[in-house]
Structures are given as structure tokens and as C-alpha cells.
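A short reminder: the numbers here are calculations on the coordinates, not readings from a lab. Every value quoted in this text rests on a predicted model; they were computed, and no experiment measured them. Cβ sites come from the backbone with ideal geometry, for glycine too, and all protein chains shown count toward neighbours.
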Amino acid sequence: MLPSKSMAAWPNLTDLVATGLDDAPVGLVGAPLAAGSVTPGSCDQAPQLLRNSLRRIGRYDVETGRELETKVADRGDVELAGLSIEQATPLIRDAVAASAEVHALTLLVGGNNAITRPAVLGLGGKYDEIGLVTLDAHFDMRDLDSGLSNGNPVRALLEDGLPGANIAQVGLASFANSRAMHEDAVEAGNLAITIGDVRRDGIEHAIDRALDHVSHCDALVIDCDIDVIDRSQFPAAPGGRAGGMAAHDFYYAVRRLASDARVRVIDLTEWDPPLDTTDLSALTAARWVAQCLAGYEMR
């Protein structure tokens, strides 16, 4: 029998994450935004809990026989306490822009789904050159009459000028969206892939379709709204429901998307830690970091 080793000697994600690593290929930015949520909660607690949970995620991938080695610069949290989405947007945008200037990939940890719009804005450039792929149960196409919310970042981006031909949405759930949202998304040119499509044709086919839809784009933002995952596998997502995406399909999608060199930002949103009294959601979210890094190392 091999001698046992202490947990202290077990390589884990905390080995790779540190402050002050300006030359690291990946940056980590916390965006603890809770304001403007359709379902009020405590998504602002997620960035710190994710950091605390990284020590429980190993670096060795038994599927590939490789150990993660990519360094991650922890750039801290954007100070958003007490701010509205409108006030927070330019701060998040600027933090993403600063990270994207020095890192090939930025991991943006929310916070609610309203951080996705400033993630796109942070890349700068022309809208026709930027693509957005969402892993989300929702269209995020609520109207803008009452201002910005976590339910309308995609509609807000369309209003900004991002073409629907540059938006692919994967994992859309029945009985979680309205007909008007669906029709508006299709009319705009968004690619809509339902969770039923994923089940019938497989996650590989779904991601192939999404990447084909945005093949003309020079830079991509990936929005990982954690409520796309089946609620039983991620209880701490207010918008999550039974019948959602399997966690292993979510992991495949994240790794595959992160392997595309055009992907500059990947966000994680809608994780509300107090909703899960166990560590299931925290461990699932922390492994998202490993999948992002594994994908990045495939480039």
C-alpha cells in the first residue's frame, strides 16, 4: 500500500491563484453585485466563497492525465456595496477592461446576471466583432421599462447594438420564459438552443451549433448563469429548476468553450450561497474554475 499523504501536500487550485501575478495568463475578478435581482438574495457572497472553496478542487485531471498549471491572478473584488446596476456597470466594465488588457482570459465571478453586460462592454471594440454565448435557463430578455436587472442583460446588449447574429443561448428551459421573450430573441437573430435540444442531440452538438453561430466574431464572452444546471445538482441558484442541465454537461460546455482562443471573458452568475446549507453548490461552482483552466490549456 502506498503511504498516505496529508491534505497539505495535495495539489489544489489554491496553488495557482494569487494576487500580484500581472504576467499570469488568466485573471480572476470578483463582481459581488446583488442589486436589481428579480429574486432578491445574497449573490454578493459568492466570489469570496468560491475563493475559499478552491482548496477542495484538485489540479489533476484523471480523464486526460494532465495536471493544471496555469497561474491565475486574483485581482480582487470590484467595490459594489450599495450600488445600483446602473452605478455598478461602469466599475465592472473598467475592471474587466483592465484585466483583459493584461490577461488572455478573465474569469468574472458574480454576483447576479447583470454583470454580463459590463463583461461584454469591457472588451471594447465594435459590437459586430464581439460574440456572446450564454449557458442559461433564461433568455434574459425582460423589458427595460423599469431599468436594468439581472433579467434583462441580453435585451440591454441588443439595445446597445450587439447583433442577435452574435448571440447564442444554450439550455433555455420551458415554463421559465415568456412567448414574447422567445419571439423577440428569434426576431433579433439570437440562436436559441433549449434544454430539450441538449437532451435530444447531446451537449457536444449544442456547443458546436453555438460556436458556429458566432464563428464570425473575433472575441467572445461566455455567460455561465448557474441556474442552467438542474436544481438538484445546484440548489443555490434562485432561478434553477428541476429538469435543467446535468452538471457534467455544464462542465463539458465550459471546458469546450474555454478552449476557444477567442474567448476573453467567462462569467459565473446567480449563485446565492445561503440557499444551500450543504457544500454541494460551492464545490460545483469551484470546479467551474478547474474546467475553465482545463479548457484554456487546450488552446
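Structural remarks
- Structure-based [θ]222 nm, the chain - -39500 (n - 2.57) summed over DSSP H runs of at least 4, per residue, nearest 500: -10000 deg cm²/dmol
- For the chain, built as a Gaussian network whose Cα springs stay under 10 Å, the top-fluctuating residue of D279, D249, D145: D145
- Cα gyration tensor, the chain - rounded (a/c under 1.5), prolate or oblate: rounded
- Put a dot 7 Å past the Cα of E187, heading toward its Cβ, do the same for S259, and the two dots end up 3.9 nm apart.
- Close amide-amide hydrogen proximity is noted between V263 and L220, each under 5 Å apart and 5 or more residues distant or on a separate chain (H modeled in the peptide plane; Pro and chain starts excluded).
- Highest GNM mean-square fluctuation among P32, P40, P153, for the chain modelled with Cα contacts below 10 Å: P40.
- Projected label distance in nm at A104 and V62, using a 7 Å step from Cα toward the beta-carbon: 2.9
- Summing charges over all other residues whose Cβ lies under 12 Å from the Cβ of A98, with Lys and Arg as +1 and Asp and Glu as -1, gives -1.
- Unit charges on C-beta of K, R, D, E only; dipole of the chain, Debye: 760
- Potential lengthening between T39 and D218 on full extension [0.36 nm per residue; Cα-Cα distance subtracted]: 61.0 nm
- Per-pair calculated FRET efficiency, R0 = 35 Å: A18 and F175 via Cβ, rounded to 0.05: 0.20
- Length available on full extension from Q87 to T70: 0.36 nm per residue minus the Cα-Cα distance, which gives 2.8 nm.
- L68 long-range amide H proximity, modeled H, under 5 Å: Y60, D61
- For M181, net neighbour charge (Lys/Arg +1, Asp/Glu -1) across residues whose Cβ lies under 13 Å away: -3
- The chain: DSSP helices with Cα axial extent of at least 18 Å and average Kyte-Doolittle hydropathy no lower than -0.5: 85-102, 280-296
- In this simple spin-label approximation, D145 and W10 carry label points 7 Å from Cα along the Cα→Cβ vector, and these lie 5.3 nm apart.
- The separation of segment 205-275 from segment 12-44, counted between C-alpha centres, amounts to 16 Å.
- Relative contact order of the chain, defined on C-alpha pairs under 8 angstrom at six or more residues apart (%): 21
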